[in-house]
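Everything below concerns the one structure shown next.
The values are calculated or read from the model by the stated rules, or taken from the named source; none is laboratory data. As the structure is a prediction and not an experimental result, all values here were calculated from the model. Note: ideal-geometry Cβ built from the backbone for every residue, glycine included; neighbour counts use all protein chains shown.
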Amino acid sequence: MTKKELEQLKAEGDAIVRGESVAARVVQYTEDADGNLVRGELEPEQERAHARRAWAAKNDVARLRHRLDLTQEAFAQRLCVSVSTLRKWETGAIVPSGAAAALLRIVAARPDVMEVLSEA
């Protein structure tokens, strides 16, 4: 593969990530309970919309919420904060600190924690 072809391939991949182009197939690998990788195909149009929203997210809190595919209301409820506080975090008006910042780092590293938080 030439350098020009490689650059073109990277540009096409970046356009897909930004939501400007649609991939023909979108594949996601997850881990099952036994630790085996499971391949699944996703709907390209849905992934395009999701990628566009995540690309537009202003900061790490907003990107995390988009990655988890949660509404502001659902994410705020699971974090035990008000929607107003979450919106301020997402716009950068205030920065999460203390326990909230620690919880966000945990959720970013281990998204499965959100399942436990939804039970609270």
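Please work out which residue is modelled with the lowest pLDDT, limiting yourself to segment 1-38 and to residues that are in contact with a helix residue (DSSP H, G or I) (Cβ under 6 Å, 6 or more places away or on another chain) and in a loop (DSSP other than H, G, I, E, B).
So, considering only residues that are in contact with a helix residue (DSSP H, G or I) (Cβ under 6 Å, 6 or more places away or on another chain) and in a loop (DSSP other than H, G, I, E, B), the one modelled with the lowest pLDDT is Gly19.
Restricting attention to segment 73-111, which residues are surrounded by fewer than 17 Cβ atoms within 10 Å (Cβ to Cβ) and under 13 Å from the mean Cα position of the chain (by Cα)?
Residues satisfying the conditions are Ala108, Ala109, Arg110, Pro111.
Here's the yes/no breakdown for (1) modelled with pLDDT of 95 or more; (2) more than 13 Å from Val61 (Cβ to Cβ):
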{"site": "Gln77", "(1), (2)": "no, yes"}
{"site": "Thr85", "(1), (2)": "yes, no"}
{"site": "Lys88", "(1), (2)": "no, no"}
{"site": "Asp112", "(1), (2)": "no, yes"}
{"site": "Glu115", "(1), (2)": "no, yes"}
